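Peer 1: Got a structure here, written out as structure tokens. Questions coming.
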Amino acid sequence: MIDLPLASAGSIFGLSLAAQLAGAYGDVLVIAAEKMSTVIRAADLDRNTAILFGDGAGAALVSSRPGRFKVLDSVLHTDGAFREDLTLEWDRRCA
């Protein structure tokens, strides 16, 4: 098991990593979940940021076997240039 604590981007990074590992390890299950409703108050959001914060989950089975869908390639990058724009002070009581 690998934990990728990357908020919403974690699922994309997880799928990319799973596609790379599937050849060596067979089927790789990617599970992503995020629960922001316990740490964000609706009154603090405006129309521009409300869509960024929500609860959601999903899963995908990535396999090296031929199938209907295929991950052709992925190029992922982050530099943290705007990290102050979307910063959440973490409070363990909310977890």
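Peer 1: Taking 30 Å as R0, compute the FRET efficiency from the Cβ-Cβ separation of LYS35 and HIS77 and round it to 0.05. Walk me through the numbers on the way to the answer.
Peer 2: Numbers: r = 27 Å, r/R0 = 0.89.
That gives a FRET efficiency of 0.65.
Peer 1: Can you tell me which of 33-40, 54-61, 6-13 comes out highest on packing, and rank the rest after it, using the mean Cβ neighbours within 10 Å?
Peer 2: Values: 33-40: 13.5, 54-61: 11.1, 6-13: 15.4.
By packing density, highest mean first, the sequence is 6-13, 33-40, 54-61.
Peer 1: Additional query: Could you pull the accessible area for ASP85 with a 1.4 Å probe, rounded to 10 Å²?
Peer 2: Roughly 110 Å² of ASP85 is accessible to a 1.4 Å probe.
The values are calculated or read from the model by the stated rules, or taken from the named source; none is laboratory data. Keep in mind it's a predicted model, so treat the numbers as computed, not measured. We place every Cβ from the backbone using ideal geometry, glycine too, and count neighbours over all the protein chains shown. Calculation scope for accessible area: heavy atoms of the full protein, side chains included, ligands and nucleic acids excluded. Shrake-Rupley method; radii C 1.70, N 1.55, O 1.52, S 1.80 Å.
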